[in-house]
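Quick notes on the structure that follows.
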Amino acid sequence: MLNTTEMKRILIIVTLAMFAQVAQAQHGSHYAGSEEEIAFDGNDLVSYFESEQPVKGSEDFSYDYDGIHLLFSSDSNRTKFKNDPGKYMPAYNGWCAIALTGGSFIRPDFNEYKIQDGQLLFFEVRAFFNGKTAWERDPDIHKIVADKKYDELSSKN
């Protein structure tokens, strides 16, 4: 078991890492992640809606959309996305939904997600915290707050 001093050190490290992540996110790409990387960790956005778990995409079925590089697992999924990107693009441009309720852009874990009201939402996971679990405590209220905060923050940038 950790003593008090060790616990304090861990909490300080976790807190500093969170602040660094928020600072990077607020000055980074319009979408969650950096512009140099494959968007959404290479997961096929259509697969979130049609599979039980996200499926990794392939460069064979890539598509550049609004300045980001997307991968799809099949030509069929790429075509579905091209025909209706608004249906498949994540809410808040992929930023963590629960973090937005607190007014922060934080890169989520792209394997921690849910579909709510037809929108793909992503959540962060870090030591002793799961954003999706926190969201589920009151999803309707969290969605209203996150929508409002996202609009406010987006208009400032």
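The values are calculated or read from the model by the stated rules, or taken from the named source; none is laboratory data. Quick caveat: nothing in here was measured; it's all calculated off a predicted structure. Here Cβ is always computed from backbone atoms with ideal geometry, including for glycine, and neighbour counts include all displayed protein chains.
Where in segment 51-157 are there strands (runs of 3 or more DSSP E), lying fully within it, with 1 or more residues that are within 17 Å of Ala32 (Cβ to Cβ), outside the structural domain of Glu37 (by TED's automatic domain parsing) and of a type in the set (S, T, N, Q)?
Once the strands (runs of 3 or more DSSP E) in segment 51-157 are filtered for at least 1 residues that are within 17 Å of Ala32 (Cβ to Cβ), outside the structural domain of Glu37 (by TED's automatic domain parsing) and of a type in the set (S, T, N, Q), what remains is 109-116, 119-123.
Taking segment 32-50 as the search range and keeping residues that are out of contact with any Phe, Trp or Tyr (no Cβ under 8 Å at 6 or more places or on another chain) and outside any helix (DSSP H, G or I), which one is nearest to Phe105 (Cα to Cα)?
Out of the qualifying residues, it is Ser34.
Considering only residues that are within 14 Å of Lys87 (Cα to Cα), touching a residue at least 40 places away in the same chain (Cβ under 8 Å) and either crowded, with 17+ Cβ neighbours inside 10 Å or of a type in the set (D, E, K, R) (or both), which ones fall in segment 109-123?
Leu120
Which of the numbered conditions does Asp44 fail, given that it passes all the others? Conditions: (1) acidic (Asp, Glu); (2) surrounded by 14 or more Cβ atoms within 10 Å (Cβ to Cβ); (3) modelled with pLDDT under 95.
(3)
Given (1) more than 14 Å from Leu153 (Cβ to Cβ); (2) surrounded by fewer than 21 Cβ atoms within 10 Å (Cβ to Cβ); (3) in contact with a Lys or Arg (Cβ under 8 Å, 6 or more places away or on another chain); (4) not hydrophobic (A, V, I, L, M, F, W, C), identify the lone condition not met by Arg126.
(3) is the only condition that Arg126 fails.
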